[in-house]
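Laboratory data are not the source of any read-out in this text; all were calculated from the coordinates shown. Just so it is clear, the model here is predicted, and its values are computed rather than measured.
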Amino acid sequence: MNVELLQYTPEPEKTVALAARLCYSPVSIGRLQEKLESTDIEAFLDKIMSLGHQSVLEHVSFTFGLEGISRVTTHQLVRHRIASFSQQSQRYVSHKEEYTSIMPDSIAENEEARQIFAFMSETVHKAYAQLVDMGIPAEDARYILPNAAETKIIMTMNARELLHFFNLRCCRRAQWEIREMGIEMLRQVKKVAPVIFRDAGPGCISNPCPEGQFCCGQTAEVREYFRNLE
């Protein structure tokens, strides 16, 4: 899996602070910008975040390149509708010569399960290639490709939606692949917007576990992990 923060709004925390200031100030935007140069942006952001004034977070966005992930994960990813996605097409990109599967550790660590997985992957790959050789369009041959098929996608989310994404997908009850991806995404955005994402992570970071009876029972350890994530 390769997760890379490709682009983001320049000075994201300054942009959010400016938007928040505007809501409560009678002066011009230019004047607000001048005042922000000498204002403690971190303290101001802490205040608006504590008040739940999160609409201003929508003014900054982050674009990620995500490679070496399965269609299982991208099927989950696109359920986050307040985002933009561009995914490698199985219609226009043929897998005849190269077909890679993402194998879960639970399968890789079991010899018999690994052999079954490898056999099925090879069988599907050969069948796909045969269909293409028969003249079947790649857009139709792809119908037999499995969820394990490796893919790549570029995704853009604003900061508010990212906080929601981390809240759901960094939880220990989230599916393992999207959880690993989400944690690495969080690690990278914390470097460029540390105040905005200071308390980002699963729902139990700042509140009681939202999973109820399905709680992992490790809230203290989870909080410690994410508060020290670098």
### Summary
Hull volume per residue for the stretch 156-222, using the convex hull of the C-alpha atoms, in Å³ is 87 Å³
### Query
Near K35, which lysines are there with a Cα under 26 Å away, not counting those fewer than 8 places off in the same chain?
K14, K47, K190, K191
### Task
Give the label of the value calculated from the structure for Rg and Dmax of the Cα atoms in Å, choosing from (1) 37.6, 121; (2) 19.8, 61; (3) 21.8, 70.
(3)
### Query
Under the definition of Cα pairs under 8 Å and six or more residues apart, what whole-number percent is the relative contact order of the chain?
26 percent
### Message
Using the Cα atoms of the stretch 91-148, I'd like the radius of gyration and the largest Cα-Cα distance, Dmax, both in angstrom.
### Response
12.6, 38
## Note on the structure
Tilt, helix 12-23 to longest principal axis of the chain (alpha-carbon atoms), in degrees rounded to tens, equals 50 degrees
### Query
Short version: ³J(HN,Hα) in whole Hz for each residue of the stretch 203-213, in order, from phi by Karplus 6.51 cos²θ - 1.76 cosθ + 1.60 (θ = phi - 60°), x for Gly and Pro, what are they?
x, 8, 4, 10, 9, x, 4, x, 7, x, 5
### Query
With the chain treated as a Gaussian network of Cα nodes joined by springs under 10 Å, which of E139, E161, E111 yields the largest mean-square fluctuation?
E111
